[in-house]
Amino acid sequence: LEGFHARQLRLSPHVLGHSKAHVGRVVAELVRAAKAQGLQPGPLALSLRGDFVRIGSAYEQHKVRSPDCFDVLVPLRLPPRLEPEPRRDLGPGLGPGLGPGAAFVCGLRAPAGSGWPRRYRPFTEAFCVEPQGRCLLSSALVLRWFQGHLQRCLGAVRYRLQERCRISLSACPGRPPTLHILPCSDYVCCHISMAVRLIPAIPLGDALYLTALPPEGPQAALAQEALWGLNASRQEQRLLSWLKEQVPASSCHLKCLQILKGLRDLRRQSLEEPFCSQWGRVLSSYVLKTALFSLLLQGPLEAWDERFLVERLEDLVMYLRDCLRKQVLMHLFLGNTSLPEAVALPRFLKEAAPVNLLAAFDVPTLDMAAFQLLYTWSQAPHLIRVYSRPRYLRPMPAT
């Protein structure tokens with residue numbers, strides 16, 4: 001396991017640091033240009049707030065294999081008084097506020113009175129839909145505008161950055177655009193082609209954001225219509241920072257997460273469809289991270305010293321197996337009243353209904369995932385020998 005982590009999973013802090021710094025500079029240029037252009041039509045139009053928020057494993061110290069993919073939230077500026085309302089009519093099999101993948105979802109409703117619809121008519125006509133007579137912000141329309149807006153700004157930014165890198169933007173319908181960065185050979189020492197997912201985000205305050213849901217599953221039509229998913233990445237980063245202060249200096253908790261992600265990916269190579277896809281969704285990186293957080297908070301934190309790596313990794317596997325068998329793994333922040341007081345939660349999270357991250361999966365799928373998880377752990381040395389390959393690097397884009 002130690003060798004697997006060192007050779008296949010662990011990232012060079014030097015390379016990751018260079019990659020993150022380069023991504024930050026390029027994204028800052030693009031966001032600055034997009035904000036400036038967005039101010040021209042007037043105050044009633046959708047625009048960028050002007051900042052961006054780094055999220056995901058690359059910024060939480062548990063990314064594996066290659067520092068070539070990054071996620072960035074790009075906050076938007078909207079007209080005032082749009083109110084979030086959890087959706088409770090999502091169809092059979094999904095509880096209140098649950099959407100695709102058992103994510104907490106809600107709509108953003110425009111006020112009906114006080115002259116709001118008349119005053120902000122250009123905005124509502126461009127970005128809102130009216131299912132069942134309620135005026136709701138459309139994630140699909142906002143995403144389409146965001147993609148086009150960034151594409152229009154790309155030319156000027158590309159010219160300013162031509163000595164540093166070559167950049168391009170790609171987008172799939174219903175998904176956030178991806179910024180591709182290819183550093184010039186004489187600019188940085190780490191010549192890695194990077195892909196940055198730029199995710200438009202609606203600020204809720206208290207470092208909470210709403211983001212468009214991926215168009216997957218039976219609720220795809222609703223997701224395209226007017227649903228938004230909750231992003232609590234900043235709260236996760238705060239919890240990670242607090243845990244770093246509490247655990248031993250040589251803690252292995254992030255290494256356990258990296259190894260479990262690596263073993264999951266190795267096992268997927270030998271699975272057949274349709275379970276191969278289900279395996280990746282059931283044991284998503286977010287589910288693995290939530291399981292790790294939940295186990296860590298049960299304590300004692302001193303037990304996560306590096307010398308107990310195998311024991312703690314086995315504990316994590318067994319804890320996750322039990323969650324799969326019971327069909328329950330609760331969202332760490334929504335409606336959770338047992339978090340440490342040092343990790344202050346916004347009121348929106350405290351008052352939200354608890355969410356089971358496994359609610360969207362049927363019992364046979366979860367039972368099979370539990371069985372395969374135990375098999376993966378018991379056969380870890382064999383899987384590492386048979387399926388391990390050199391580190392995965394994205395092919396350089398054609399120029």
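Bear in mind these aren't lab numbers, they're just calculated from the coordinates by the rules spelled out. Everything numeric in this text was worked out from a predicted model, so none of it was measured. Note that each Cβ is placed from the backbone with ideal geometry, even for glycine, and that neighbours are counted across all protein chains shown.
Annotation: Cα Rg of the chain relative to the compact-globule expectation 2.2 N^0.38 Å equals 1.02.
Taking every alpha-carbon pair under 8 Å whose residues sit at least 6 apart, the chain reaches a relative contact order of 18 percent.
Rounding to the nearest 10 and keeping the result within 0 to 90°, find how far the Cα-based axis of helix 139-160 lies from the longest principal axis of the chain. Between helix and principal axis, roughly 90 degrees. Taking 0.36 nm per residue of separation and subtracting the Cα-Cα distance, full extension of the segment from residue 118 to residue 152 would add 9.3 nm.
Sorted on the mean count of surrounding Cβ atoms within 10 Å across their residues, most packed first, peptides 377-387, 26-36 read 26-36, 377-387.
Note on residue 160/residue 281: beta-carbon distance plugged into 1/(1 + (r/R0)^6) with R0 of 41 Å gives a FRET efficiency of 0.55. Per-residue ellipticity at 222 nm from helix content only, as computed over the chain with -39500 (n - 2.57) for each DSSP H run of at least four residues, stands at -13000 deg cm²/dmol. Charges were assigned to the Cβ only: +1 to each Lys and Arg, -1 to each Asp and Glu. The resulting dipole of segment 247-392 about its Cα centre is roughly 420 debye.
Here the extension length gained between residue 20 and residue 387 equals 129.2 nm, from 0.36 nm per residue of separation less the Cα-Cα distance. Ranked by the mean number of other Cβ atoms within 10 Å per residue, highest first, peptides 73-80, 133-140 order as 133-140, 73-80. In this structure, the residue pairs whose Cα-Cα separation is over 31 Å, taken from 35/255; 35/244; 261/326, are 35/255; 35/244. Given the options 270, 324, 361, identify the residue whose Cα lies farthest towards the positive end of the charge dipole of the chain (+1 on Cβ of Lys, Arg; -1 on Cβ of Asp, Glu). Of the candidates, 270 comes out farthest on the positive side. A simple packing score, the average count of other Cβ atoms within 10 Å per residue, orders the peptides 237-249, 59-71 as 59-71, 237-249, with the highest score first. Under the simplified labelling scheme, the residue 328-residue 66 pair shows an inter-label distance of 4.2 nm, with each label point 7 Å from Cα along Cα→Cβ.
Note on residue 132 and residue 305: with the Förster distance fixed at 45 Å, the Cβ-Cβ geometry gives a FRET efficiency of about 0.20. Towards the positive end of the charge dipole of the chain, with charges on Cβ (+1 Lys, Arg; -1 Asp, Glu), say which of 155, 183, 374 has the farthest Cα. So the residue furthest toward the plus end is 155.
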